[in-house]
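I have a structure I would like to understand better, so I am pasting it below and will then ask my questions one at a time.
The values are calculated or read from the model by the stated rules, or taken from the named source; none is laboratory data. Model, not experiment: these values are computed from the prediction. Here the Cβ is made from the backbone with ideal geometry for all residues, glycine too, and neighbour counts use every protein chain on show.
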Amino acid sequence: MKSEIVVIGGGVVGASVAYHLTQRGARDVLILEREPQQGMGSTGKATGGVRAQFETDINIKMSLYSLGFFNDWEVDCEYEPRGYLFFATTSEQLDYLKRNVEKQRELGVKDVEIVDAQTIQKIVQGMNCEDITGGSFGRRDGFIDPLAVMRGFTEGALQNGARIGFDTRVLSIETNTGRVTAVETDQGRIECENVVLCTGAWARELAATAGIDLPVEPQRRQIVWARSTEPLPADLPMVLDIGSGFHFRPAWDFMADWTAGGSPATTAGRSKPAAGRTANREVLFAYPDPDEPPSLNTEFDDTFIAKVYEHAKHRAPFLYETEVVREKCRAGLYENTPDHHAILGGCDIKGLYFANGFSGHGVMHSPATGRALSEIMLDGTASFLDVSCLSLDRFANGELLHETAFI
């Protein structure tokens, strides 16, 4: 079997890369997905938040492009700009947010502002703001359906001539004289000229088969799903404590809709089932547990519930006085790099490219990622946005980036 381009990983990032390659005219593109359908990995565990409120120029620019894409795309990815509210409990944290907002505005982010505790109280009625010194609020930040985004990219790629193979686990990447020659899978060998590695938290081991040390470390991130007996505050945004990382948002069951709709490979042309966004009594809680070690563990740990509710108890009765919906609690994997920024582009092996290490931002940055990789592969460089600072070389060269809010 042969294919000019093999995209390893059928999640939202791999689907975006395939979509953008075929939009540019590449036709011999094969997506390899190890599961029987897409969305079984990190994409299906994502919360669906999208924001431009970042610290570094590259993350802000990636977000600006992607938010514009979601808003204008002919595919309904259910982008809803409810806003992101970061709040601070110290003057140092507030100064950090002020610096970020200044940079965000300079780079073209609109409708982002510094807000005081009184304004925060109005935005999220019923929240304890006694210890809050202020915050930042971006009105165009909000939510999307990660699986709808993945579906849209996949259907577009397939309509443009790409293929997708399920239940196919890539075992190794073969090289000869410094260039890619094939991938070995549990279904057989596939000769190819180019490989794009989009396997998220599982990327490092596969990159090593080609002799590349990819500094991507998996880490479990857990989410508690809860239900209130009373309606949640109206128009609840994503709310994040910049100090602890604790955050909450209204909950919508993307995976239930996905299960009802099936795989893009079998539902091309069908309308996506309507998501349950009218519900206003369910909420997601999460925070980056400092005691969580690196691992590929995706089992939800019930002891995490008590940790989350300690934060909820302090922050708002409408959070603490909820009932956990245990069957909807979940655990997924972050793919962390040492500087919590993505790795985009090629390497010393000709024909081998990476789209990995998003540290929780893969879904929201998937449009920019797909376009960047397609331009790098077909033109030699990304012209719509300079992503050279995200190259693999930065780790060897000591040119790491810094992003505090990698929640």
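Each row is one residue, and each column tells you yes or no for (1) of a type outside the set (Lys, Arg); (2) crowded, with 18+ Cβ neighbours inside 10 Å.
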{"residue": "Arg151", "(1), (2)": "no, yes"}
{"residue": "Asp167", "(1), (2)": "yes, no"}
{"residue": "Cys192", "(1), (2)": "yes, yes"}
{"residue": "Cys198", "(1), (2)": "yes, yes"}
{"residue": "Leu206", "(1), (2)": "yes, yes"}
{"residue": "Ile223", "(1), (2)": "yes, yes"}
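Give me a count of the residues in the range 23-57 that are closer than 23 Å to Asn160 by Cα and surrounded by 20 or more Cβ atoms within 10 Å (Cβ to Cβ).
Qualifying residue count for the region: 9.
Cβ contacts < 9 Å: first residue at positive phi and modelled with pLDDT of 95 or more, restricted to the range 150-163; second residue assigned to a strand (DSSP E or B) and of a type outside the set (S, T, N, Q), any location; separation 6+ or different chain. Result?
Qualifying pairs under 9 Å: Gly161/Val29.
Give the residue that is surrounded by the fewest Cβ atoms within 10 Å (Cβ to Cβ), with candidates limited to residues of the range 320-367 that are within 25 Å of the chain's Cα centre (by Cα) and assigned to a helix (DSSP H, G or I).
By that ranking, first place goes to Glu327.
Just wondering, is there one or more residues in the range 378-401 that are part of a loop (DSSP other than H, G, I, E, B), over 25 Å from Val29 (Cβ atoms) and in contact with an Asp or Glu (Cβ under 6 Å, 6 or more places away or on another chain)?
yes
Conditions tested, residue by residue: (1) modelled with pLDDT under 95; (2) within 20 Å of Leu333 (Cβ to Cβ); (3) charged (D, E, K, R).
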site: Asp213; (1), (2), (3): no, yes, yes
site: Val216; (1), (2), (3): no, yes, no
site: Gln219; (1), (2), (3): no, yes, no
site: Ile223; (1), (2), (3): no, yes, no
site: Ala226; (1), (2), (3): no, no, no
site: Pro233; (1), (2), (3): yes, no, no
site: Met238; (1), (2), (3): no, no, no
site: His247; (1), (2), (3): no, yes, no
site: Thr259; (1), (2), (3): yes, no, no
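If you don't mind, there's one more thing I want to ask. Can you tell me how many residues in the range 138-178 are of a type outside the set (Phe, Trp, Tyr) and part of a loop (DSSP other than H, G, I, E, B)? Can you show your working first?
Narrowing the range 138-178 to residues of a type outside the set (Phe, Trp, Tyr): 138-142, 144-152, 154-165, 167-178.
Next, from what is left, pick out any that are part of a loop (DSSP other than H, G, I, E, B): 139-141, 144-145, 160-162, 167-169, 177-178.
Residues in the range 138-178 being of a type outside the set (Phe, Trp, Tyr) and part of a loop (DSSP other than H, G, I, E, B): 13 in total.
Now, a different point. Answer yes or no: is there a residue in the range 179-200 that is of a type outside the set (Val, Ile, Thr), in a loop (DSSP other than H, G, I, E, B), more than 19 Å from Ala15 (Cβ to Cβ) and touching a residue at least 40 places away in the same chain (Cβ under 8 Å).
Quick first cut of the range 179-200, residues of a type outside the set (Val, Ile, Thr) only: 179, 182, 184, 186-189, 191-194, 197-198, 200.
After this cut, where a residue has to be in a loop (DSSP other than H, G, I, E, B) as well, the list is 186-187, 198.
Restricting the remaining residues to those that are more than 19 Å from Ala15 (Cβ to Cβ) gives 186-187.
Cutting the leftovers down to touching a residue at least 40 places away in the same chain (Cβ under 8 Å) gives us none.
Within the range 179-200, not a single residue is of a type outside the set (Val, Ile, Thr), in a loop (DSSP other than H, G, I, E, B), more than 19 Å from Ala15 (Cβ to Cβ) and touching a residue at least 40 places away in the same chain (Cβ under 8 Å).
Only one residue in Asp289, Asp302 is surrounded by fewer than 14 Cβ atoms within 10 Å (Cβ to Cβ), modelled with pLDDT of 50 or more and under 17 Å from Gly332 (Cβ atoms). Which one?
Numbers: Asp289 fails: surrounded by fewer than 14 Cβ atoms within 10 Å (Cβ to Cβ).
On inspection, the qualifying residue turns out to be Asp302.
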